[in-house]
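To start, the structure under review is shown below, and the notes come after it.
The values are calculated or read from the model by the stated rules, or taken from the named source; none is laboratory data. Bear in mind that the values here come from a model prediction, so they are computed numbers and not experimental data. Ideal geometry is used to build each Cβ from the backbone, glycine not excepted, and the neighbour counts take in all protein chains shown. Just the protein is used for accessible areas: all its heavy atoms, side chains included, with ligands, DNA and RNA removed. Shrake-Rupley method; radii C 1.70, N 1.55, O 1.52, S 1.80 Å.
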Amino acid sequence: MEEEIKDMHYLKLLSKSFPTIAQASTEIINLQAILSLPKGTEHFLADIHGEYEAFHHVLKNASGNIRRKVYEIFGNEMRESEKRELCALIYYPEQKLELIKEQETNMKEWYLITMQRLLRICSDVSGKYTRSKVRKVLPPDFAYIIEELLHESNNDDIDKTAYVNTITETIISTRRADDFIIAMSNVIQRLIIDKLHILGDIYDRGPGAHIIMDTLQDYHNWDIQWGNHDVLWMGAAAGNEACICNVIRLSLRYGNLATLEEGYGINLVPLATVAMELYGDDPCTAFLPKMEAGNEMDEKTTMLTARMHKAITVMQFKLENQLFKKHPEWKMQDRDLLSKIDYDKGTCNIDGKEYKMKTCNFPTIDPNNPNELSEEEQVLIKRLKRSFVVSEKLHRHIGMILSHGCMYKVCNGNLLFHASVPLNEDGSMKEVQVYKNYYKGKDLLHHVGMFIRSAFQDDTEPEEREYARDYFLYLWAGPDSPLFDKSKMATFERYFLSDKETFVEDKGAYYTLRNKPEICDSILDAFEVTGENRHIINGHVPVHVSSGESPIRADGKLMVIDGGFSKPYHDETGISGYTLIYHSRGFQLVQHDLFTTRRDAVEKGTDIKSTTMIVEMSSHRMMVADTDKGDTIRRKIYDLQQLLYAYRHGLISER
């Protein structure tokens, strides 16, 4: 082995962590044992779109994984209603305990039974981890007690049974039972999922993207593959004025200003003031907010929102068109439709054909220079931009997205990305320009990710940083953007034209070709994804189940799991979307019906009604040794074996 030891400097550094033969040997034993543990469970979500209540519930119930465990462990031992109540307790322990104490007549008996049941579940879900890892997630107040109970609860020895019973009875007599049950429920939630993958689009449409980000801030292990809506908010945080207008427009469109105002402290009063001055007599029919039934605004608020909506939309088109002119290499100057309006005739010329405009009431547009901001708009965009640039919480959340993710991820034989890998019509990888160079496939997504980061780095050259800041708009709406990949974003047409033929957005080749197994294989090869059972996992495009679409495509090589959390899509898709679970026995795709409320879950024991589809089951139970983590551990073992050789042959001295 002496000839194989090439990096003595590294081994000397390693020896600082393991300074003796005994310590190095112990670590090898520990790592070797970890390889034989079952693979941790991975949880895949996509397209959350600010729907924080549904997100929290799916996180708490692990897409039905906790319910599955309860039913597996207790089978016919418990009535159906009791199992539902136990699940609700694990999801929402504080709220459920308050309700139970109002209804239960014998709390001591209930505490004893419930604690034993929680111990059985916790013992089962902790079986995938070392005792050391379990110990690290236990709450300090109960760490010793829970560890003792988990270790001894399966012991049939009479004395040990008495020992366990004494502990649980003492927890009750010292009035710590509620705290203990809450702690156990949280431990179960923590251990049931080893890693959370979010395939993009935390932001827009729903009211609580900031609440979702606050939740993720404390979540134990997660990553994100950026979506187009996430990148739009990144652009806004970086100071891209067109992105700022888009973010505000979308919030007004769905009547959800909570994330902007309450979450990030964005001051929209200046926009409201300008909107009332400019559009106070305009009915703004095309700009009325899309509100869900039962959550409508009063008439005054509705009209103010619509006028703010129109004001920011006009500014958005002007600022976008300025960037399209600044960057002819984007080939998007045909999207400057403000310059194609005949303001006297009330028509817009698109591809040589005239279309009647719904309105030509644009008090801030100079027909001779339609893309120039008026004085009011110039002052307004400066104030809005400052709000975004100085929002500490927004920048902290964007920092989390940057540090926890990128454009794609390869994990355990699965290629994760939000939307697309741009392809030519023949299925070959399409070259796309990013700044001064062209890239395709894996290189394209990698360099896009690095370029996004450069917009936030102080050491980026000024010219490159300015381009990176502008480039967020291309990623949002560019025809060859891996986050969009359509011929156009027909926002202007949908607001101002009636002819629906102008609404058509032709999808890029990826969206049709990805249904072919050979295309998926070529993409997986390009991203160096190996293994017999490898997959592409996407979000971005809702699966229209009511129209017969399936989330499983290309002979099982592709899974589309647009979460469908966004309420505006529910009527369109017929469901609340999909999530995916990948545990040691294989893949389970979970189809969700509409989530009602947390209150219903607590009081009635209701859950998101989920249908589990077995996508793929392994012929043998997957162990850590079969995963990427297993590869990393084997490399560590090899390094430690080299360190042992160096110790035993006098190449490095023990300390």
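Residues that are in contact with a Leu (Cβ under 6 Å, 6 or more places away or on another chain), over 15 Å from LYS16 (Cβ atoms) and small (Gly, Ala, Ser) within region 620-654 comprise ALA625, GLY630, listed in sequence order. When GLU169, GLU148 are screened for being out of contact with any Pro (no Cβ under 6 Å at 6 or more places or on another chain) and open to solvent by 50 Å² or more (accessible area, probe 1.4 Å), only GLU169 passes. From the list LYS636, LYS609, the one residue that fits, being charged (D, E, K, R) and modelled with pLDDT of 95 or more, is LYS636.
Rundown of residues vs (1) of a type in the set (Gly, Ala, Ser); (2) open to solvent by 10 Å² or more (accessible area, probe 1.4 Å); (3) touching a Phe, Trp or Tyr at 6+ places or on another chain (Cβ under 8 Å), yes/no style:
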{"residue": "PHE180", "(1), (2), (3)": "no, no, yes"}
{"residue": "ARG190", "(1), (2), (3)": "no, yes, no"}
{"residue": "ILE193", "(1), (2), (3)": "no, no, no"}
{"residue": "LEU199", "(1), (2), (3)": "no, no, yes"}
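Would region 142-162 turn up any residue that is of a type in the set (A, V, I, L, M, F, W, C), under 27 Å from LEU112 (Cα atoms) and touching a residue at least 40 places away in the same chain (Cβ under 8 Å)? Yes, the conditions are met somewhere in region 142-162.
Per the listing MET407, MET357, MET400, MET450, the residue uniquely in contact with a strand residue (DSSP E or B) (Cβ under 8 Å, 6 or more places away or on another chain) and either open to solvent by 20 Å² or more (accessible area, probe 1.4 Å) or more than 30 Å from ILE519 (Cα to Cα) (or both) is MET357.
Residue-wise test of (1) more than 26 Å from the chain's Cα centre (by Cα); (2) touching a residue at least 60 places away in the same chain (Cβ under 8 Å); (3) over 30 Å from MET357 (Cα atoms); (4) open to solvent by 20 Å² or more (accessible area, probe 1.4 Å).
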| site | (1), (2), (3), (4) |
| --- | --- |
| VAL504 | yes, no, no, yes |
| LEU524 | no, yes, yes, no |
| GLY531 | no, yes, yes, yes |
| SER550 | no, no, yes, yes |
| LEU558 | no, no, yes, no |
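Of everything in region 209-224 that is of a type in the set (Val, Ile, Thr) and within 12 Å of the chain's Cα centre (by Cα), the residue that is most open to solvent (accessible area, probe 1.4 Å) is THR215. Counting only helices (runs of 4 or more DSSP H) wholly contained in region 234-352, the ones carrying 1 or more residues that are among the small types (Gly, Ala, Ser) and surrounded by fewer than 16 Cβ atoms within 10 Å (Cβ to Cβ) occupy 269-279.
Between ASN414, ASN371, the distinction of being in contact with a helix residue (DSSP H, G or I) (Cβ under 8 Å, 6 or more places away or on another chain) and of a type in the set (S, T, N, Q) belongs to ASN371 only.
Can you tell me which residue within region 6-18, out of those that are under 27 Å from VAL624 (Cα atoms) and in contact (Cβ under 8 Å) with a residue 12 or more places away in the chain, is surrounded by the fewest Cβ atoms within 10 Å (Cβ to Cβ)? Of everything passing the filter in region 6-18, TYR10 is surrounded by the fewest Cβ atoms within 10 Å (Cβ to Cβ).
Inside region 88-127, residues that are open to solvent by 10 Å² or more (accessible area, probe 1.4 Å), among the basic types (Lys, Arg) and within 30 Å of ILE581 (Cα to Cα) make up a count of 2. Please work out which residue is farthest from the chain's Cα centre (by Cα), limiting yourself to region 430-464 and to residues that are touching a residue at least 12 places away in the same chain (Cβ under 8 Å) and farther than 17 Å from LEU483 by Cα. Per the criteria, the residue is GLU464.
Within region 97-107, is even one residue among the polar types (S, T, N, Q), touching a residue at least 12 places away in the same chain (Cβ under 8 Å) and more than 17 Å from LEU191 (Cα to Cα)? Within region 97-107 (the criterion being among the polar types (S, T, N, Q), touching a residue at least 12 places away in the same chain (Cβ under 8 Å) and more than 17 Å from LEU191 (Cα to Cα)), the answer is no, since none of the residues qualifies.
Picking from residues in region 615-655 that are among the basic types (Lys, Arg) and under 35 Å from the mean Cα position of the chain (by Cα), the one that is surrounded by the fewest Cβ atoms within 10 Å (Cβ to Cβ) is ARG635.
Within region 476-491, is even one residue farther than 23 Å from ASP562 by Cβ and either open to solvent by 40 Å² or more (accessible area, probe 1.4 Å) or polar (S, T, N, Q) (or both)? No - not one qualifying residue is present in region 476-491. Across region 69-87, the number of residues qualifying as crowded, with 20+ Cβ neighbours inside 10 Å and farther than 22 Å from HIS220 by Cα comes to 2. State whether the residues of region 388-395 include one that is open to solvent by 50 Å² or more (accessible area, probe 1.4 Å), over 20 Å from TRP476 (Cβ atoms) and of a type outside the set (Lys, Arg). Yes, region 388-395 contains a residue that is open to solvent by 50 Å² or more (accessible area, probe 1.4 Å), over 20 Å from TRP476 (Cβ atoms) and of a type outside the set (Lys, Arg). For region 170-228, give me each residue that is within 20 Å of HIS540 (Cα to Cα) and of a type in the set (S, T, N, Q). Residues satisfying the conditions are GLN225, ASN228. Taking every residue in region 350-375 that is closer than 18 Å to GLN322 by Cα and pairing it with any residue that is in a strand (DSSP E or B), at least 6 positions away or on another chain, the pairs with Cβ-Cβ distances below 7 Å are GLU372/ASP366.
For GLU464, the requirement of being open to solvent by 10 Å² or more (accessible area, probe 1.4 Å), in a helix (DSSP H, G or I), within 30 Å of CYS284 (Cβ to Cβ) and not hydroxyl-bearing (Ser, Thr, Tyr) is not met.
Return the total of residues in region 362-386 being open to solvent by less than 20 Å² (accessible area, probe 1.4 Å) and part of a helix (DSSP H, G or I). Residues flagged as open to solvent by less than 20 Å² (accessible area, probe 1.4 Å) and part of a helix (DSSP H, G or I) within region 362-386 amount to 4. Scoring GLY427 on the criteria (1) part of a loop (DSSP other than H, G, I, E, B); (2) surrounded by 14 or more Cβ atoms within 10 Å (Cβ to Cβ); (3) within 27 Å of the chain's Cα centre (by Cα) leaves a single failure, condition (3). There is no residue in region 35-53 that is in a helix (DSSP H, G or I), open to solvent by 30 Å² or more (accessible area, probe 1.4 Å), modelled with pLDDT of 95 or more and among the polar types (S, T, N, Q). Restricting ILE21, ILE29 to those that are farther than 30 Å from ASP124 by Cβ, β-branched (Val, Ile, Thr) and surrounded by fewer than 17 Cβ atoms within 10 Å (Cβ to Cβ) reduces the list to ILE21.
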